[in-house]
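The values are calculated or read from the model by the stated rules, or taken from the named source; none is laboratory data. The structure presented is a predicted model; accordingly, all values stated were derived computationally and were not measured. Counting neighbours? That spans all protein chains shown, and the Cβs are built from the backbone with ideal geometry, glycine included. The accessibility values were calculated without ligands, DNA or RNA, using every heavy atom of the protein model including side chains. Shrake-Rupley method; radii C 1.70, N 1.55, O 1.52, S 1.80 Å.
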Amino acid sequence: MTHELEDIPAIALDWHRAGRKAAIATVVQTWGSAPRPVGAQLAISGEADIMGSVSGGCVEGAVVAEALEAFEDGMPKLLSYGVSDDDAFAVGLACGGEIQILVEPVGDAIPVDLLEDLVARRAASVPVAYVVDTENWTRHLAARDAHLERFVADKSGFDDRVFVTIHNPPLRMAVIGGVHIAQHLLPMAQACGFAPVLIDPREAFASSERFPGQTLVHDWPDEALSTFAPDTRSAVVTLTHDAKLDDPALQVALRSEAFYIGCLGSTRTHAKRLTRLSEAGFSEADFARLDAPVGLDIGAKSPAEIAVSVMAQIIQTLRRS
């Protein structure tokens, strides 16, 4: 997964263009309790500056040293580290974990035009796979259809000798209703790598004072959500308890490819909601996509606890789909 807060390919490209040299290190295999997943990336400059992470700090120093050597000959390197390796600087990898990391200097191992194309597609939110043959070191970009299962699972990995890094568009979340739960949910969503948007035509509820630094939309929910255009990387959560606001949003969400649609409200409230949606032409198959009452059943009471349960359910749906 490379849809995290740092845009590692773009950072590496900027460093290369600035004449600072750059390499990209990517986790290509893990065994045991490795601290970072396959696909995690680290950008390294010629001055040993770094952005990103491949091990949470365990072996970054060793990887940087290898990258600086790779700048000399321009060749890629496949590196392996484990708890018993001296190269792990006695910090080691937790619980017996091992990782294999691919280091590729930009401009030599990674052609600049290929990296520019990758960065452009990521900027345009176009799903793309970076594919490298680890025997002959040829590289190319592939569309979503070529590795559909990997894109759906958001899972980079090896297909025989070929390593595929999945670059999915960023995760997004549309929250309907500037209520107290939303004040906790939006920052949590950001911390989990989502780009959240709060939709509420009631400006007193969706105000910058109540939601500092958040993206606020004051259009009617169906119009705002249509513009948001939920896709397979989007979650939609309705929180207003007001059918005039929640129902129009749900009708748009149910016609979209959103991977998660959650609705706040009791079982009785949800039953009434389903009756209204049925009268609007929606079916049992549509209703099966709704998580309501929203959130995992963790006994949550406070708005913050409810937000935790909602965020946990969204992540569960994303990772187990």
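Extension gain for the segment H218 to T275, taken as residue separation times 0.36 nm less the Cα-Cα distance, is 17.8 nm to one decimal. Under the convention that each Lys and Arg Cβ holds +1 and each Asp and Glu Cβ holds -1, the size of the dipole of the stretch 98-174 around its Cα centre is about 420 debye. Of the accessible area of the stretch 17-63, computed with a 1.4 Å probe over protein heavy atoms only, carbon and sulfur atoms account for 49 percent.
Label sites at V126 and R202, each approximated as a point 7 angstrom past Cα along Cα to Cβ, lie 4.3 nm apart. Among R233, R17, R268, the largest mean-square fluctuation in a Gaussian network model of the chain (Cα springs under 10 Å) belongs to R268.
Probing with 1.4 Å while keeping every protein chain in the model, the per residue accessible area of the stretch 258-302 equals 56 Å². Place +1 on the Cβ of every Lys and Arg and -1 on the Cβ of every Asp and Glu in the chain, take the dipole about the Cα centre, and give the residue among V131, V27, A292 whose Cα lies farthest towards its positive end. It is A292, whose Cα lies furthest towards the positive end. Rounded to the nearest 10 degrees, the angle from helix 267-279 to the longest Cα principal axis of the chain is 80 degrees.
Springs between alpha-carbon pairs under 10 angstrom, Gaussian network model over the chain: which of S45, S207, S302 fluctuates most? Highest fluctuation of the listed residues: S302. Suppose R0 equals 41 Å. What FRET efficiency, 1/(1 + (r/R0)^6) with r the Cβ-Cβ distance, do R320 and D73 give to the nearest 0.05? Between R320 and D73 the formula returns 0.40.
For the chain, the 222 nm mean residue ellipticity estimated from helices alone, with every DSSP H stretch of n ≥ 4 adding -39500 (n - 2.57) and the total spread over all residues, rounds to -10000 deg cm²/dmol. Candidates T275, G178, I261 compared by Cα position along the dipole of the stretch 160-278: farthest toward the positive end lies T275, with charges placed on Cβ.
Roughly how many debye, to the nearest 20, is the charge dipole of the chain about its Cα centre, given +1 on each Lys and Arg Cβ, -1 on each Asp and Glu Cβ, and no other charges? List each step's numbers first, then the result.
On the way: 26 positive and 44 negative charges, 254 e Å.
For the chain, the charge dipole is close to 1220 debye.
Electrostatic tally near Q251: other residues with Cβ closer than 14 Å to its Cβ, Lys and Arg +1, Asp and Glu -1, net -1. Just for the chain, what percent of DSSP beta bridges are antiparallel, to the closest 5? In the chain, approximately 60 percent of DSSP beta bridges are antiparallel ones. When the chain is treated as a GNM with alpha-carbon contacts under 10 Å, the residue of S256, S208, S80 showing the greatest mean-square fluctuation is S208. DSSP assigns beta bridges within the stretch 143-271; of those with both partners inside it, close to 15 percent run antiparallel. With no solvent and one point on each alpha carbon, what is the Debye value of log10 I(q)/I(0) for the stretch 256-321 at q = 0.13, 0.16 Å⁻¹? Calculated log10 I(q)/I(0) at the listed q: -0.39, -0.58. Over the chain, Cα pairs under 8 Å with separation of 6+ residues give a relative contact order of 12 percent. Considering all C-alpha pairs of the chain, those separated by over 25 Å amount to 56%.
Scanning residues 5 or more positions from Q29 or on other chains, those with amide H under 5 Å from its amide H are Q100, with H placed 1.01 Å from N in the peptide plane.
Provide, for q = 0.10, 0.13, 0.26 Å⁻¹, the log10 of I(q)/I(0) from a solvent-free Debye sum over equal Cα point scatterers in the stretch 91-186. The Cα Debye sum returns log10 ratios of -0.41, -0.63, -1.35.
Taking every DSSP beta bridge that has both ends in the stretch 124-200, the antiparallel portion is near 70%.
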